[in-house]
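The values are calculated or read from the model by the stated rules, or taken from the named source; none is laboratory data. These numbers were taken from a predicted model, which means no experiment stands behind them. Quick reminder, even Gly has a Cβ in these numbers, built from the backbone with ideal geometry, and neighbours come from all protein chains shown. Accessible surface is based on the protein model in full, side chains and every heavy atom, while ligands, DNA and RNA are left aside. Shrake-Rupley method; radii C 1.70, N 1.55, O 1.52, S 1.80 Å.
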Amino acid sequence: MQHIQLKSGRKLDSIGLGLWKIENHLTASVVQTAIQLGYRHLDSACDYGNEVETGQGISAAIASGDVSREELWITSKLWNTYHRPENVRPALLRSLKDLQLDYLDLYLVHFPISSKFIPFEERYPPGWFSNPDDPHPTVQEDPVPIIETWRAMEQLVEEGLVKEIGVCNFGTSLLRDLNSQAKIPPSMLQVEMHPYLTQEKLLRFCKESEIAVTAFSPLGAQSYFQLNMAEASESLLEHDTLQAIAQSHKKSAAQILLRWGIQRGTSVVPKSSNPKRLQENLELFDFELNDSELSTISQLNRNRRFNDPGDFCESAFNTFFPIYE
Ligand code: A2P
């Protein structure tokens, strides 16, 4: 396994298990299987709705002696409804309780989106809609300056409840603004990244700013077919270029995509519920892509973002909410 190093010197595995969309009834066993196969880095979030089952899988793996807490790297994410400073600690404590942990390795602000607070006892996880029972439900914004949320995130580090803090889905301007006031700068940015969305400038900016990068949806469209957010023709796994490179290395196209992500210096968090594919996604260290292959793959870029609130908030949640434009 390779690692990426954070500014603090802490290291995490380049490959993590993405937990988004793993069905609740499968999650505990997928987590346990993944740990048995060698995964040590788990990428969770309140919004994924499966932190209780993730916690059950982690606990079972620890209880059976497969791993110790210290060997694991557990990431979770602050949901949009909890940006007001007084809600940040309770949100973290709820994730810790569900995950059966007493600290997180990394806590990320999930989106640069602050929406109306939903009390924990009313609905958890709250999801996107502010008023799901209304005839025309929407996402109601409750703007909070990001530095106010961040001060509460910093407090979690000072209390020892989380080791590292970072953000997701931020661009360079928001990162600059945050860095200009942060006492503890964000150590990680998690964003969508794959050969159709290479984000070269963002990656370079992060490198120069000592912010590590995690690529979500490293297989591209794969996660978005079932959500009707990608066309069949947008599959990277079936792209001729990737197929050809895969054949020449006797690897799968998925392994080429993940290896490309790792060789760019990012960590990757592919999701799989299937033991065979979980194993396949770890087998990335017995081959290397050369410079020409890396650049051929990068040239596939189309700036195609599958996970864009500017699109899905309107189509699925009746609310126009662009964040990248
Ligand atoms: P499954 O859970 O059935 O394995 P991403 O993490 O980029 O969002 O991709 C996740 C999607 O890709 C899931 O639909 C997952 O399905 C599928 N997937 C994960 N690993 C592989 C692989 N090695 N080959 C093909 N599909 C994969």
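Number of residues in the range 158-177 that are buried (at least 16 other Cβ atoms within 10 Å of the Cβ) and farther than 28 Å from K201 by Cα equals 2. Among strands (runs of 3 or more DSSP E) entirely within the range 1-83, having at least 3 residues that are over 22 Å from V157 (Cβ atoms), open to solvent by 10 Å² or more (accessible area, probe 1.4 Å) and at pLDDT 95 or above singles out no element at all.
For the range 88-126, filtering for residues that are of a type in the set (G, A, S) and surrounded by fewer than 18 Cβ atoms within 10 Å (Cβ to Cβ) leaves 0. Before we move on, is K207 open to solvent by 50 Å² or more (accessible area, probe 1.4 Å), within 27 Å of I15 (Cα to Cα) and not in a helix (DSSP H, G or I)? No; evaluated as a whole, the condition is false for this residue. Residues in the range 140-172 that are in a helix (DSSP H, G or I) and within 18 Å of Y324 (Cα to Cα): 2 in all.
Of the residues making up the range 12-53, just one is of a type in the set (F, W, Y) and within 14 Å of E71 (Cβ to Cβ), namely Y39. Filtering the range 275-309 to residues that are closer than 30 Å to F321 by Cα and surrounded by 14 or more Cβ atoms within 10 Å (Cβ to Cβ) leaves L300, N301, R304, R305, F306, N307, D308, P309. Per the listing V268, V213, the residue uniquely in contact with a Pro (Cβ under 7 Å, 6 or more places away or on another chain) and open to solvent by less than 20 Å² (accessible area, probe 1.4 Å) is V268. Of the residues examined, F285 is one that is more than 21 Å from the chain's Cα centre (by Cα) and in contact (Cβ under 8 Å) with a residue 60 or more places away in the chain. Among the residues of the range 28-56, how many are among the polar types (S, T, N, Q) and closer than 20 Å to L78 by Cβ? Qualifying residue count for the region: 3.
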